[in-house]
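No lab work stands behind these numbers, since they all come straight from the coordinates. Owing to the predicted nature of the structure, the values given are computational and were not obtained by experimental measurement. Glycine gets a Cβ as well: all are built from the backbone with ideal geometry, and neighbour counts include every protein chain shown.
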Amino acid sequence: MKKNYLFIAFALLSSVTISQTFTDNFDSYTAGQYLGPQSAGAWTTWSNQPGTAEDVMVSNADASSAPNSLHFTSTTQAGGPTDLVRNFGVLNTGQFEMSFKMKVGSGKAGYFNLQRNATIGQVWAMDAAFNDDGTLSVYNQNGLSESATYPQGVWFDFKLQINFNTNTWEIFINNTSVMNFANPINQIASIDIYPVDQNTPYNADYFIDDFSTTITPYTLTGLNAAVTLASFNGGAIATNSVSPKFKIRNLGTTNITSFDITVNYNGNNINQSYTGLNMASLAEQTFTVSTPIVLAAGNLPLTFTVSNVNTLGQDNDAQDDAKILMVNPVVPANGKMVVGEEGTGTWCGWCPRGTVAMDHMENLYGNYWAGIAVHNGDPMTVTSYDTPIGAFFSGYPSAMVDRGNVVDPSEMEPDFLSRLQVAPKAFITNGATWNATTRELKVSVSANFQSAANNTYRLACVLTEDSVKGTASGYNQANYYSSSSQNLDLIDDAGLNWKNLPNPVSAAQMRYDHVARAINPSFDGLANSFPVAVASGETHTVNFVFTLPATWNENKMYIIGLLIDPQGDIDNAGKATISEAVSNGFVPAATASIDDLTLNQLDDVVKLYPNPAQHFTNIEINVKEATQLGVSLLDMSGKLLAQKENITIDQSSIITLPLEGLNSGVYLVKISLNGNQIMKRIIVD
């Protein structure tokens, strides 16, 4: 009888979920001394060295519950040195709640992160940046991006609740929910409190008090398939066709061999069965539904529901059988294309981050996105582009979307989605003619105005090339993500992890995309591209002429026409391959006076002869009035060989350009006239 009683008591205890709670108000510690040694192991540091500079001193300067709290300030540009850690143990089932009081100084900042693994420094499950403008940014490198506001200069309540079984993360400020999301990294092991400001060095200054965590374990049932993440492949733009994706986790003790999934969106159901599986307990797997959906305007739920697990119908826990993703796609402005310009270089070890981001944007939003990688300090540098855009950047990689705020390339998507909704001043269309023998590319960039404008708007034309490669050492890509360097993950859309590549990545392995090859006439665009007054409905065209070196692959190139507004930002763009532009048709620009001379007129008034030549060539200029001229001689790589500026010419002038000493081959003659430029090829026999 006693034996049976003990068995019953054990069975009852095993079915009871016992929560584990930790609280610390820091009031039992001595102010002015390090926290770690006083906490009996409850708190440690990033390097597990409590009592050192990484630790934080208990403070009585301010508190939510007197007398003590923790005061975090940054004393170095990179943040820190304080790096306080509280370990939870690895948590990926059950529920977790963390709360504390916080006070961030007015105009100051705060920060903490949650580490995914017991070994710290491998994966950041969540970063929380309390920015100095009163915004709270929650993010990670796996696609999490949320924002809210918080009060500055006063104590407030912060609370995070996580249900790992359903992958539901919710953040509360002063007991009001401000974020609710699913985290692609649905596991935590510790909190790291590190004083740093994402925007301004030395600006972190915040207090934390009344820290508390509650961990509620989960007992696995016999058969339980949980939907833990809902997503889709493709850009969140209305009318885009995307492929629904979901993640299934086995939260039971029985292997999962099959299940059915129902996807509901915009009143339509998709049903699909998955068989032949062997998902062990706690295993997790991502699946893609074979039938795509078309995103509709409005904030609509995309719901995934799992059923008929192992053909047995309902599993043992219905609470985690469904996952809802609210989808509110962006509705693009008519005729809009957004430009992303990235500053990069093969010498830059962090620039693979930009490579991954640029490809990601192209893959998701290629119909609305024109990416331009402006190289610095390597063989792909275009000085006339690199120099002016580099003036905006304090480091590499950096990027601008439509020449707005400077951001990290990994953060371009929010600015892109915002700009995509802004109606453009004009629609941009690129036309072209292409001569494969002379390799002369003539481009027409036409602006069809949707509202009135004036001549403070400008046009410019950029050429980019994909799959650029080279054999020289300058084409080796520095890679600080290599496991031999930093051991950080950087995974591109194809699944390649730059951590698994060497530092540097050899030129033989590299192919560079979105490479800026030329910009014409300049970064600021062509002055007087349009008349003094432009009415809605008018179309105006500027022509540009390029001679492509033989090393450029015209089949891998894009023509990007830019409409630049009076503030120097990009209002709109047009993107086309050379073949697409040729199909669009070349549009000659209208005749203009010397004061608003467009490049095709410049092409008409400049003659070069003899060509081919041996000892010299003549440059004949026919203009309406005396003006200033500049002449440059370059080789086909763009290297400057000779230059003469500020040549005064009459209405009809002939200038002799010496060619003595040049090897036989093809060269470029660049003629500048009133801020406009034209390239002509000269063959030296």
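For the peptides 338-351, 609-622, 398-411, the ranking by mean Cβ contacts within 10 Å, running from highest to lowest, is 338-351, 398-411, 609-622.
In straight-distance terms, cross-link reach from residue 101 covers every one of the lysines whose alpha-carbon lies under 24 Å from its own, apart from those fewer than eight places away in the same chain; here that gives 159. Among 568, 448, 196, whose Cα projects farthest towards the positive end of the dipole of the chain, with charges put on the beta-carbon of Lys, Arg (+1) and Asp, Glu (-1)? Working it through, the farthest residue towards the positive pole turns out to be 448.
Normalising the average separation of contacting C-alpha pairs (under 8 angstrom, six or more residues apart) by the number of residues puts the relative contact order of the stretch 335-439 at 37 percent.
Estimate the FRET efficiency between residue 391 and residue 654 by the formula 1/(1 + (r/R0)^6), using the beta-carbon distance for r and 41 Å for R0, to the nearest 0.05.
Working: r = 38 Å, r/R0 = 0.94.
The pair residue 391/residue 654 has a calculated efficiency of 0.60.
Using C-alpha pairs below 8 Å separated by at least 6 residues, the relative contact order for the stretch 17-216 is 31 percent. Reported to the nearest whole Å, the Cα centre-to-centre distance from the stretch 389-412 to the stretch 322-381 is 11. Secondary structure note: in the chain, about 95% of the DSSP beta bridges are antiparallel. Here is the short version for the chain: 461 have no other Cys C-beta closer than 4.7 Å.
If both residues of a DSSP beta bridge must be in the stretch 212-361, then about 95% of such bridges are antiparallel. Compared with the dominant Cα axis of the chain, that is its longest principal axis, helix 2-15 is turned about 20°. Each of residue 269 and residue 47 was given a label point 7 Å from its Cα along the Cα-to-Cβ line. The distance between the two points is 6.0 nm. So if we plug the beta-carbon distance of residue 639 and residue 148 into 1/(1 + (r/R0)^6) with R0 = 60 Å, what FRET efficiency do we get, rounded to 0.05? Step by step, r from the Cβ atoms, then E = 0.70. May I ask you to derive the FRET efficiency for residue 423 and residue 73 from their Cβ-Cβ distance with R0 = 30 Å, giving the value to the nearest 0.05? The computed FRET efficiency comes out at 0.10. Dimensions of the stretch 225-327 from C-alpha coordinates, computed as largest minus smallest value along each principal axis and given longest first, are 41, 22, 19 Å.
Figure legend: label point modelled 7 angstrom from the Cα of residue 135 along Cα→Cβ; no residues of the stretch 366-391 have amide N under 20 Å from it.
Magnitude of the charge dipole for the chain, about its Cα centre and with charges confined to Cβ atoms of Lys, Arg (+1) and Asp, Glu (-1), is about 1100 debye. Here the stretch 17-216 is assigned +1 on the Cβ of each Lys and Arg and -1 on the Cβ of each Asp and Glu. Its dipole about the Cα centre then comes out at about 280 debye. One decimal place: the segment residue 30-residue 367 gains 115.2 nm when fully extended, by the rule 0.36 nm per residue minus the C-alpha distance. For the chain, take the longest principal axis of its alpha carbons; what is the angle in degrees between that and the long axis of helix 352-365, to the nearest 10 within 0 to 90? That works out to roughly 90 degrees.
Note on the stretch 225-327: with charges restricted to the Cβ of Lys and Arg (+1) and Asp and Glu (-1), its dipole about the Cα centre is near 280 debye. For the chain, adding -39500 (n - 2.57) for each run of n ≥ 4 DSSP H residues and dividing by the number of residues yields -2500 deg cm²/dmol at 222 nm. Placing unit charges on each Cβ (+1 for Lys and Arg, -1 for Asp and Glu) gives the stretch 31-136 a dipole about its Cα centre, and among 91, 135, 121 the Cα reaching farthest toward its positive end belongs to 91. Protection proxy ranking of 365-375, 507-517, by the mean of other Cβ atoms within 10 Å over each peptide's residues and highest first, is 365-375, 507-517.
With the contact rule set at Cα under 8 Å and sequence spacing of 6 or more, what percent relative contact order holds for the chain? All intermediate terms of the calculation are to be shown ahead of the outcome.
Working: 1792 pairs, mean separation 60.2, N = 685.
Relative contact order of the chain: 9 percent.
Give me the lysines in straight-line cross-link reach of residue 670: C-alpha distance below 18 Å, same-chain residues under 8 apart excluded. Cα-Cα hits under 18 Å: 442, 607, 639, 644, 680.
A P(r) calculated from all alpha carbon pairs of the stretch 17-216, with 5 Å bins opening at zero, reads 1, 8, 16, 21, 23, 18, 10, 3, 0, 0 percent. Sequence-ordered 3J(HN,Hα) estimates for the stretch 304-314 from the Karplus curve with 6.51, -1.76 and 1.60 and θ = phi - 60° stand at 10, 10, 8, 7, 6, 5, 6, 6, 9, x, 5 Hz, glycine and proline given as x. Ordering 536, 483, 399 by the projection of their Cα atoms onto the charge dipole of the chain, which places +1 on the Cβ of Lys and Arg and -1 on the Cβ of Asp and Glu, puts 483 at the extreme positive end. In plain terms, if you count all Cα to Cα distances in the stretch 338-584 and split them into 5 Å steps from zero, the share in each step is 1, 6, 14, 18, 19, 17, 12, 7, 4, 2, 1, 0 percent.
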